[in-house]
There are 2 protein chains.
Amino acid sequence: MDETKEHLYPIKWLTKASAGDRVASELRMRIISGKIESGTILSENKLAADFAVSRSPVREALKTLAAENIIRLERMGAVVIGLTEKEIEEIYDVRLLIETFVFERLAQMNVNVLVNELSKILEMMKVAIKYQDADEFSYQDVLFHETIIRAIDHSYMLMIWNNLKPVMESFILLSMRVRIKEKYEDFTRIIKNHELYIEAIKTKDRTLMIKSLHKNFDDVQGKVEDLWRSQQLLVKGEEQEND
Amino acid sequence: MDETKEHLYPIKWLTKASAGDRVASELRMRIISGKIESGTILSENKLAADFAVSRSPVREALKTLAAENIIRLERMGAVVIGLTEKEIEEIYDVRLLIETFVFERLAQMNVNVLVNELSKILEMMKVAIKYQDADEFSYQDVLFHETIIRAIDHSYMLMIWNNLKPVMESFILLSMRVRIKEKYEDFTRIIKNHELYIEAIKTKDRTLMIKSLHKNFDDVQGKVEDLWRSQQLLVKGEEQEND
DNA sequence: TCAAGTATACTTGTATACAAGTATTATATC
DNA sequence: GATATAATACTTGTATACAAGTATACTTGA
C-alpha cells in the first residue's frame, strides 16, 4: 500500500539483519513515533505487502513486538499498543529497578575496566553531539547502559534488558533526533549526567548513582510529551507528502 | 528419532495451544529437567521430525525458548543453556526484585479483592496437596504469584513476569512432582509461607513480606540441587527404558 | 424495513519448497 | 602422509501453498 519507505530506523544498523528483524525494527519505529497509531489493527498480509516480504518474516516481527509489549496478538490481527506516558514511566520503573540492582553488584566488584569502557563511550557521545549525529548519539547512549548491565554477568538481568532495549532504543532515537535540532543545550546536561553516573560507579557512591539515574529520567521524562508530539507532527507531515 | 513422547508437560494444559506452543512447552520441560543436557545443539529439522510437525512451529518454539534464556540461537543450531544453580539464583533475583516492587505499589492500594483472590488460590493449593496432585499444586502456586503481580496493573512488570513464568512453571512442576512423593511435609511449610505472604499484603507489613519471600526462596533454593538431581535420575531412568 | 442464513473474503497456523550459505567429508595432488 | 580442493550434506531464512476457522457482506424471505 504505502510504497514510500521512510526508513525511520537507521538502515546501516540493519546490515546483517534478517528481513524479520528489518520489519520489526521499522514497524517498532513507526509505532513508537505514532506514525502507526495506537489501536490500529495490523494484518500479516497487509504488512507483508507493505514491506514487500512474505508472511514468514512478518510473523516473526509481530511475535517480537508482542514480546516487547508494543503490540498485542489477538485471534484476529495484531492490535497496536504503542507508548503512552504510562508505558514510558513503566519502562523507566524497570530501568530504575535493574540498574539499581546492577549497581549493588558493581559495588562489590572491580570496576576499573568498566569505568574505562564507559569513558570511551562517553567520548563517542561527545563526538556524536559535535557532529549533530543523533543516531550515533542514541546508539552510544543505549550502549552506555547496556555496558553497565553486562558488567555484572547476570543472564536474567540481561534478558530483561534485551526485552526493553529495542523499545528504549527507538524511543531515544526519535527523541534525540528532535532534540539535536531544537534543544541542543540538552545534550550538555545529558553528558554531565552520564559523567555523574560514571563517577558514582567509580566511587561506589550509591546516593550519587540514584541521583544521576533519577536526573536522567527527569531529563527525558519531563520532556517526553512535547518532544514526542513534535515527532508525531513531523511524521504526520511526511505522511501527507506521500498521499 | 525418539518416538516415545513422555509428555513431561501436562497435556491438559495444552488444550487450545498451537503446535508451536506445544513444542515449546515440552522442549522447555526436557531442557529444565535435564533430559536434554546443557550444551546440546538442537536442529530445527531433527526437532520437527521428533515432534512430527513442520519446521514452522519448531522455529517459533525455538524463538520463544531463546527469549526465555534457556537456549541460545547461533548461526548453526540452537545451543541448550538450561538451568544451572546460577540461573536459578538469577531467576529468584528477578522475582525478588519485581515482587518487592509490586509490594511497594500494593502498599498504596486497596488490597481487599486481591487478598480474597489469594485466599481462594491458597485453598486450591491445599486441596491439590490433599489429593497429591503436584501439577495442580504447581499451577496454583504460579497463579498465586501472577495474581499478585497482575494486581498493580503494570504492563512492563507483567512483561518481565511473562518471560520468567514458563521457566518458573516448568521448574516448580518438576520440583513439586518429586517432593510430593518424597518430602510431603515440605508442603505444609510452603502453605505456611504463602499464608505469611497474604498476611504481609493484608497488613502491608514490608518486613514480613520480605521475610516470607526469602523464606520461600530458601525453601526452594536450598533443596534445589538434590531435587533436581533426583529428577534427572528419574528422567534418565525413563530414557533407558525406551532404548 | 428487518431478520436469518448463506456466500465470500478475510484471518491464522502449519506444511512444504527453494535459495543461499556453511561445515564436513572425500578426493586428488604433492 | 599432509595439504588443497571439490563434492556433499547439512544449516538457516524466506516464499508459497493450503486448511480450518471467523467476520463481513449480501441475498433471500417475510
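The values are calculated or read from the model by the stated rules, or taken from the named source; none is laboratory data. Nothing here was measured: the structure is a model prediction, and the numbers come from that model. Here the Cβ positions follow ideal geometry from the backbone for every residue, glycine too, while neighbour counts run over all protein chains shown. Quick note on the areas: whole protein, heavy atoms, side chains included, nothing else; ligands and nucleic acids left out. Shrake-Rupley method; radii C 1.70, N 1.55, O 1.52, S 1.80 Å.
Run the dipole for the stretch B:11-82 about the Cα centre, Lys and Arg Cβ at +1, Asp and Glu Cβ at -1, nothing else charged, and hand back the magnitude in debye, nearest 20. If you can, show how the numbers build up before the last one.
Details: 12 positive and 8 negative charges, 25 e Å.
The calculated dipole for the stretch B:11-82 is roughly 120 debye.
Interface size between chain A and chain B, please: total buried accessible area, 1.4 Å probe, rounded to the nearest 100 Å².
Its buried surface, counting both partners, is about 2300 Å².
Tell me, what are the semi-axes, in whole angstrom and largest first, of the equivalent ellipsoid of the stretch A:50-110 as set by the roots of 5 times the Cα gyration tensor eigenvalues? The partial results should precede the final answer.
Details: eigenvalues 232, 50, 15 Å².
So the three semi-axes of the stretch A:50-110 are 34, 16, 9 Å.
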- line: Averaged over all viewing directions, the convex hull of the alpha carbons in the protein assembly as shown casts a projected area in nm² of 24.2
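Taking the alpha carbon gyration tensor of chain B, what are the square roots of 5 times its eigenvalues, largest first, to the nearest whole Å?
Taking √(5λ) for each eigenvalue gives 32, 20, 16 Å, largest first.
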message: Tell me the carbon and sulfur percent of the accessible area for chain B, rounded to whole percent, probe radius 1.4 Å.
response: 52
field: Pseudo-label separations to other copies for B:Lys16 - Cα-to-Cβ vector, 7 Å, nm
entry: 4.2
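Which pairs, out of A:Lys12/A:Lys215; B:Lys165/B:Lys211; A:Lys165/B:Lys63; B:Lys130/B:Lys181, put more than 24 Å between their alpha-carbon atoms?
Values: A:Lys12/A:Lys215 31 Å; B:Lys165/B:Lys211 22 Å; A:Lys165/B:Lys63 17 Å; B:Lys130/B:Lys181 12 Å.
Beyond 24 Å between Cα atoms: A:Lys12/A:Lys215.
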field: Dipole magnitude (debye, nearest 20) for the stretch B:85-233, charges at Cβ of Lys, Arg, Asp, Glu
entry: 320
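Show that you can apply the helix-only estimate: for the protein assembly as shown, add -39,500 (n - 2.57) for every DSSP H stretch of four or more residues, divide by all residues, and state [θ] at 222 nm to the nearest 500. Present the calculation step by step, with values, prior to reporting the outcome.
Numbers: 18 runs with 355 residues, N = 486.
Calculated from helices alone, the mean residue ellipticity at 222 nm is -25000 deg cm²/dmol.
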Residue (of A:Tyr156, A:Ser38, A:Ala19) at the positive-pole extreme of chain A, dipole from beta-carbon charges: A:Tyr156
- prompt: What's the Kirkwood radius of the stretch A:47-160 in Å, using all Cα pairs?
  reply: 17.0
- line: Surrounding charge for B:Glu104, neighbours by C-beta under 11 angstrom, Lys/Arg +1, Asp/Glu -1, total +1
- prompt: Using only Cα atoms, what is the ratio of the radius of gyration of the stretch B:11-82 to 2.2 N^0.38 Å?
  reply: 1.00
- request: Apply the membrane-span-like helix rule to chain B: whole DSSP H runs, Cα extent along the own long axis of at least 20 Å, mean Kyte-Doolittle hydropathy at least 0.5. List the helices found.
  value: B:112-130
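How high is the relative contact order of chain A, in percent, with contacts defined as C-alpha pairs under 8 Å that are six or more residues apart?
Details: 241 pairs, mean separation 50.4, N = 243.
Normalised by residue count, the contact order of chain A is 21 percent.
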statement: Residue separation between B:Ser119 and B:Glu199 times 0.36 nm, minus their alpha-carbon distance, gives in nm 27.8 nm
- prompt: Which of the residues in the stretch A:44-81 lose at least 40 Å² of accessible area when you go from the chain alone to all protein chains together (probe 1.4 Å)?
  reply: A:Glu60, A:Lys63, A:Asn69
message: Using Cα springs under 10 Å in a Gaussian network model of chain A, which residue among A:Glu185, A:Glu199, A:Glu146 shows the largest mean-square fluctuation?
response: A:Glu185
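Quick check: net charge around A:Leu73, other residues with Cβ under 13 Å of its Cβ, Lys/Arg +1 and Asp/Glu -1?
On the way: positive: A:Arg59, A:Lys63, A:Arg72, A:Arg75; negative: A:Glu44, A:Glu60, A:Glu68, A:Glu74, B:Asp21, B:Glu60.
Surrounding charge for A:Leu73 is -2.
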- request: May I ask you to report, in nm to one decimal and beginning with the shortest, the distances from A:Asp153 to the same position in the other copies, taking label points 7 Å along Cα-to-Cβ?
  value: 4.3
statement: Accessible-area loss of at least 40 Å² (1.4 Å probe, chain alone to full protein assembly) applies in the stretch A:146-160 to A:His154, A:Ser155, A:Tyr156, A:Met159, A:Ile160
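Over the stretch B:11-82, calculate the relative contact order: mean separation of alpha carbon pairs under 8 Å at least 6 apart, over the residue count, as a percent. Don't skip to the end; give the middle numbers.
Details: 83 pairs, mean separation 26.9, N = 72.
Once divided by the residue count of the stretch B:11-82, the mean separation gives 37 percent.
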task: Using a 1.4 Å probe on the heavy atoms of the protein chains only, list every residue of the stretch A:86-126 that has 30 Å² or more less accessible area in the complete assembly than in its chain alone.
output: A:Lys86, A:Glu90, A:Asp93, A:Val94, A:Leu97, A:Phe101
- prompt: What does the charge dipole of the protein assembly as shown about its Cα centre add up to, to the nearest 20 debye, if the Cβ of each Lys and Arg holds +1 and the Cβ of each Asp and Glu holds -1?
  reply: 240
message: Can you give me the accessible area per residue for chain B, using a 1.4 Å probe, in Å²?
response: 47
Inter-copy separations for A:Glu89, label at 7 Å along Cα-Cβ, nm, ascending: 3.6
- request: Using a 1.4 angstrom probe on the protein heavy atoms only, line up B:Met168, B:Met76 by accessible area, largest first.
  value: B:Met76, B:Met168
task: At q = 0.13, 0.15 Å⁻¹, work out log10 I(q)/I(0) for the stretch B:120-198 with the Debye formula, treating every Cα as an identical point scatterer and leaving solvent out; two decimals please.
output: -0.40, -0.53
